Protein chains: 2
Amino acid sequence: MARMARLDEVLTTLDEGLPAALDRLMAFLRIPSISTDPAYAGRVREAAGWLQGELAALGFQATVEDTPGHPMVVARSQPGAGRSLLFYGHYDVQPVDPLALWDRDPFDPAIEDTPAGPVIRGRGASDDKGQLMTFVEACRAWKTVHGALPAGLVLLFEGEEESGSPSLEGFLRDNAERLRASLALICDTGMYADGRPAITTQLRGLLGEEIVIRGADRDLHSGSFGGLAANPLQVLVNALAALKDAQGRVTLPGFYDGAPELSETLRADWEALGFNAGDFLSQVGLRHPIGEPGRSGLEMVWNRPTLEINGIAGGYAGEGFKTVLPAEARAKVSCRLVGTQDPEAIREALRAHVRSFLPTDCSVEFHPHGGSMASVMDISDPAFGAARQALSDEWGREAAFIGAGGSIPVAGDFKRLLGMDSLLVGFARDDDRIHSPNEKYDVESFAKGARSWARILAALG
Amino acid sequence: MARMARLDEVLTTLDEGLPAALDRLMAFLRIPSISTDPAYAGRVREAAGWLQGELAALGFQATVEDTPGHPMVVARSQPGAGRSLLFYGHYDVQPVDPLALWDRDPFDPAIEDTPAGPVIRGRGASDDKGQLMTFVEACRAWKTVHGALPAGLVLLFEGEEESGSPSLEGFLRDNAERLRASLALICDTGMYADGRPAITTQLRGLLGEEIVIRGADRDLHSGSFGGLAANPLQVLVNALAALKDAQGRVTLPGFYDGAPELSETLRADWEALGFNAGDFLSQVGLRHPIGEPGRSGLEMVWNRPTLEINGIAGGYAGEGFKTVLPAEARAKVSCRLVGTQDPEAIREALRAHVRSFLPTDCSVEFHPHGGSMASVMDISDPAFGAARQALSDEWGREAAFIGAGGSIPVAGDFKRLLGMDSLLVGFARDDDRIHSPNEKYDVESFAKGARSWARILAALG
């Protein structure tokens, strides 16, 4: 049978099976698999068991596998003809607080009509149960129509993504041989802002550091000691202000090492997205982008590093006034990293910088809070072009290669531990309210998402 | 009778009357006149009544006078031959928390023997009941021996000093004619560190300002907005760091206007005190004084202005990490002022400085927290020399003219509202634990304090 004809049958089957697929998603959404709350541990395991059952019924060799935390679900197909692929999703969900702001029981999902079309309302509808089920339904349709998948597949479902994935790294290390594939597929991202299908090809890394500067062994009265005693808040402020020059450029030696200029290909792609930084900022009450002269807004958030002060505490900050020189001052600082910037080298440069500001009577303590390199996919891999074409075919508009200002740690883990790039494709929308009350997933995202994966599997197979 | 003989009789009477004087102080200390706690309002008034009774028994025309808060006690002698004097003290006391750290009931005072001599232990023993009673006992002895005081006296006792004196200014304004004198006497300060008698002739002023910088209308995710959106914490830090140059000198235009060089007289006096800044700092775990090159430690804390950051709050400062760009950042900043530095002019310079750092998308709000000029007494008034001699005679060592790094607002109020300088003489010691558990007052401070006032009254009369 010709390749296109094979795919067309799969897509038709998906369309005809949509009501049943939505029923299955509803059943999955009814399981409150909140991973951060120990009271829900049994329900998290129930969700894992539900998934394992679905996958086993499709002919996968599917197991629920224990970890120090919540279990993993692993499912393996018969080895396929095409390249081997690892699909990743997570079956745990965010807590639902504040419950009073939900218009319905978060775990009694429903299809609701909205002016923008029907949506699936409920916790996890978008993040990530709805998204991962687009892939499962695509597999189901392939199996139903043709009895086999177009590629060799391993599916990996995590139950701790919303808890910071404490068991993931260990599990990947311990099971590297079983899980390694030529490419990972991850369905935990979104469309581009205007609803254009997108593949996220680069994500910024993250480096967090807490700085604690200490002076006297107690808070001092500024009348008695002011003018003689070093003030840790002043020391902190001096060090933090000197981290950037007048143009906002980070002054740490070597900070920009490994921060690459944008390729002409991506520059053209991103310009075509028509992003307007002022409009983007207006959603949060701002209007005037800062950032390096001559760089576009998308370049600033996707392809340039940042250094931001995330919090400062020291001295008296309550009502009224206390004229103290505080005994200590704290700051949390983080960097978003791009290209091959090295988080640990930057951490050391940051520490040396702060130390250089310490007067004799002050000491400093540093607490690292994570460090991960950026994830930059090799888009010359033909899989990226093929997937892009498949998405464009499904959605009737050109799919985009986009970046992400934040991090998806699992993509970095796959690269670091298993040597795989990730194809990040997702169908979430900016208004899905993930992590918030009244989370939803467009029925269109679900239906066309499954069709998209069916096409991508065909293209990669 | 010759002047010295008249004084000798008074001093002898004080010595013989010490046990009875201590009994009176004990009775006064048993009244828990905590002004900050509304539950003690009746006891505060009881203390006012106790004082009024004592003073009336000595022949003063004494009244308890209502204010919007706790009452004032005002007592007036027959007009004397010498200059008119206003004595000020306060009969309210600090709260006693944490009560568990007291070795005895704070309001069941006792004389305790210590290696350094007997002390009066109890809340208010030093601050300010013990101190103010030194003056009352001096008056009693003069009255007992000679039937009259050597000077015309008004005594003013406040019941809200530990609550920030909210009613004082209004009371002084409303009663200016009755209270104005040629000099105020204030007994609410201490001896110099090594137990040397001292007159505090200058106190630093105070200016407090809170700065609130706002950016976006919510905290922003640093992955989504970092690099594009202004960070109020960075703006705040930049503005605060630029308030001082590399030598720690304040950069605000006009900041040092009115900050005088120390007179040669006081410089010599202060040098004779043998102050060692490193030793002073070692009591709080520090060792290396900061401050302007070429200026002594005492000059820095008594005769130089400061600008200190007292508190900063913004963003996430709890356990762990949140990679936010905060919506707002706050700082509390205060200056200690000297000479004729103008707090309001400095406040305006500070605000202009901060505004100059604001990017287009940020706004700033300022909250003033008090502003008072320094109090600098005219030590060429012969009363200062006479009182110094009286103190030297009593203690057998040269009394010192000293400064204070902090403020005693009532001295500024007397100057501003009644046009009077203040002679600040007190007998508290650095180890009196005022405002802390186990407050004490040396019996020597009490006994020789009363004798000191008896001598000063003779000298000024």
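A few points about this structure:
- Residue selected from region A:321-361 under the condition of a type in the set (Ser, Thr, Tyr) and over 30 Å from A:MET377 (Cα atoms), by the criterion farthest from the other protein chains (Cβ to nearest Cβ): A:SER356
- Close pairs (6 angstrom Cβ cut-off, 6 or more residues apart or separate chains): in contact (Cβ under 8 Å) with a residue 12 or more places away in the chain in region A:226-247, surrounded by 24 or more Cβ atoms within 10 Å (Cβ to Cβ) and of a type in the set (Lys, Arg) anywhere: A:GLY226/B:ARG336
- Selection status of A:LEU179, within 14 Å of chain B (Cβ to nearest Cβ) and hydrophobic (A, V, I, L, M, F, W, C): no
- Restricting attention to region A:258-279, the residues being aliphatic (A, V, I, L, M) and away from chain B (no Cβ under 14 Å) number 4.
- Each residue in region B:369-390 was checked for being over 20 Å from the mean Cα position of the chain (by Cα) and either of a type in the set (Ser, Thr, Tyr) or modelled with pLDDT under 95 (or both), and 1 pass.
- Counting only strands (runs of 3 or more DSSP E) that sit completely within region A:370-444, those holding 1 or more residues that are touching a Leu at 6+ places or on another chain (Cβ under 8 Å) and within 19 Å of A:LEU337 (Cα to Cα) correspond to A:400-404, A:422-425.
Residues checked against (1) of a type outside the set (Gly, Ala, Ser); (2) modelled with pLDDT of 95 or more; (3) in a strand (DSSP E or B):
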residue: B:GLY291; (1), (2), (3): no, no, no
residue: B:GLY294; (1), (2), (3): no, no, no
residue: B:GLU299; (1), (2), (3): yes, yes, no
residue: B:GLU308; (1), (2), (3): yes, yes, yes
residue: B:ILE312; (1), (2), (3): yes, yes, yes
residue: B:GLU319; (1), (2), (3): yes, no, no
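- Any hit, region A:354-373, residues being closer than 24 Å to A:SER263 by Cβ and either crowded, with 16+ Cβ neighbours inside 10 Å or not aromatic (Phe, Trp, Tyr) (or both): yes
- When B:GLY396, B:GLY461, B:GLY426, B:GLY449 are checked against the criterion of being modelled with pLDDT of 95 or more, surrounded by fewer than 22 Cβ atoms within 10 Å (Cβ to Cβ) and more than 14 Å from chain A (Cβ to nearest Cβ), a single residue qualifies: B:GLY396.
- Qualifying residue in region A:106-119 (condition: of a type in the set (D, E, K, R), outside any loop (DSSP other than H, G, I, E, B) and under 23 Å from the mean Cα position of the chain (by Cα)): no
- Odd one out for A:VAL74, checked against (1) surrounded by 16 or more Cβ atoms within 10 Å (Cβ to Cβ); (2) more than 29 Å from the chain's Cα centre (by Cα): (2)
- B:ILE290 in contact with a Lys or Arg (Cβ under 8 Å, 6 or more places away or on another chain), within 7 Å of another protein chain (Cβ to nearest Cβ) and in contact (Cβ under 8 Å) with a residue 40 or more places away in the chain: no
- Some residue of region B:318-332 being under 23 Å from the mean Cα position of the chain (by Cα), under 30 Å from B:SER222 (Cβ atoms) and either surrounded by 22 or more Cβ atoms within 10 Å (Cβ to Cβ) or outside the structural domain of B:ALA241 (by TED's automatic domain parsing) (or both): yes
- Only listed residue being part of a helix (DSSP H, G or I), of a type outside the set (Val, Ile, Thr) and either modelled with pLDDT of 95 or more or over 27 Å from the mean Cα position of the chain (by Cα) (or both), chosen from B:LEU350, B:LEU358: B:LEU350
- Annotation note: Cβ proximity below 7 Å between a residue of region A:22-48 that is in the same structural domain as A:ALA138 (by TED's automatic domain parsing) and farther than 14 Å from A:PHE107 by Cβ and a residue that is crowded, with 20+ Cβ neighbours inside 10 Å and at pLDDT below 95 (sequence gap 6+ or interchain) occurs for A:SER35/A:GLU162; A:THR36/A:GLU162.
- In region B:207-242, the qualifying residues are those that are in a strand (DSSP E or B) and closer than 11 Å to B:ALA327 by Cβ, and the one that is nearest to the other protein chains (Cβ to nearest Cβ) is B:LEU220.
- When A:GLY254 is tested against the conditions (1) more than 9 Å from chain B (Cβ to nearest Cβ); (2) among the small types (Gly, Ala, Ser); (3) part of a helix (DSSP H, G or I), the lone failure is (3).
- Considering residues of region B:293-317 that are among the aliphatic types (A, V, I, L, M) and facing chain A (nearest Cβ under 7 Å) only, the residue nearest to the chain's Cα centre (by Cα): B:VAL301
- Which numbered condition B:ALA198 fails, given (1) farther than 29 Å from B:GLY370 by Cβ; (2) more than 10 Å from every other protein chain (Cβ to nearest Cβ): (1)
- On inspection, A:ALA458 does not qualify as in contact (Cβ under 8 Å) with a residue 60 or more places away in the chain, touching a strand residue (DSSP E or B) at 6+ places or on another chain (Cβ under 9 Å) and assigned to a helix (DSSP H, G or I).
- Residues located in region A:337-348, provided they are more than 13 Å from A:HIS369 (Cα to Cα) and in contact with a Gly (Cβ under 6 Å, 6 or more places away or on another chain): A:LEU337, A:GLY339, A:THR340, A:GLN341
Every residue, every condition in (1) at pLDDT below 95; (2) over 21 Å from A:PHE28 (Cβ atoms); (3) in contact with an Asp or Glu (Cβ under 6 Å, 6 or more places away or on another chain), yes or no:
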{"position": "A:ALA56", "(1), (2), (3)": "no, no, no"}
{"position": "A:THR63", "(1), (2), (3)": "no, no, no"}
{"position": "A:ARG83", "(1), (2), (3)": "yes, yes, no"}
{"position": "A:VAL96", "(1), (2), (3)": "yes, no, no"}
{"position": "A:PHE107", "(1), (2), (3)": "no, no, no"}
{"position": "A:ILE111", "(1), (2), (3)": "no, no, no"}
{"position": "A:ILE120", "(1), (2), (3)": "no, no, no"}
{"position": "A:GLY124", "(1), (2), (3)": "no, no, no"}
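- The listed residues are B:ARG347, B:ARG355, and the only one of them that is on the phi < 0 side of the Ramachandran plot, of a type in the set (Lys, Arg) and touching an Asp or Glu at 6+ places or on another chain (Cβ under 9 Å) turns out to be B:ARG347.
- Lone unmet requirement of (1) more than 10 Å from chain B (Cβ to nearest Cβ); (2) touching a residue at least 60 places away in the same chain (Cβ under 8 Å); (3) on the phi > 0 side of the Ramachandran plot for A:VAL364: (3)
- Residue in region A:202-211 that is more than 21 Å from the chain's Cα centre (by Cα) and either farther than 22 Å from B:ALA229 by Cβ or in contact (Cβ under 8 Å) with a residue 24 or more places away in the chain (or both) present: yes
- Among the candidates B:ALA345, B:ALA331, B:ALA327, residue that is closer than 16 Å to B:PRO253 by Cβ, of a type in the set (Gly, Ala, Ser) and in contact (Cβ under 8 Å) with a residue 24 or more places away in the chain: B:ALA345
- Meets criteria (over 30 Å from A:PRO150 (Cβ atoms), in contact with a Ser or Thr (Cβ under 6 Å, 6 or more places away or on another chain) and in contact (Cβ under 8 Å) with a residue 24 or more places away in the chain) for A:VAL93: yes
The values are calculated or read from the model by the stated rules, or taken from the named source; none is laboratory data. Being a predicted model, the structure only gives us computed values, none of them experimental. Reconstructed Cβ throughout: ideal geometry from the backbone, glycine too, with neighbour counts over all protein chains shown.
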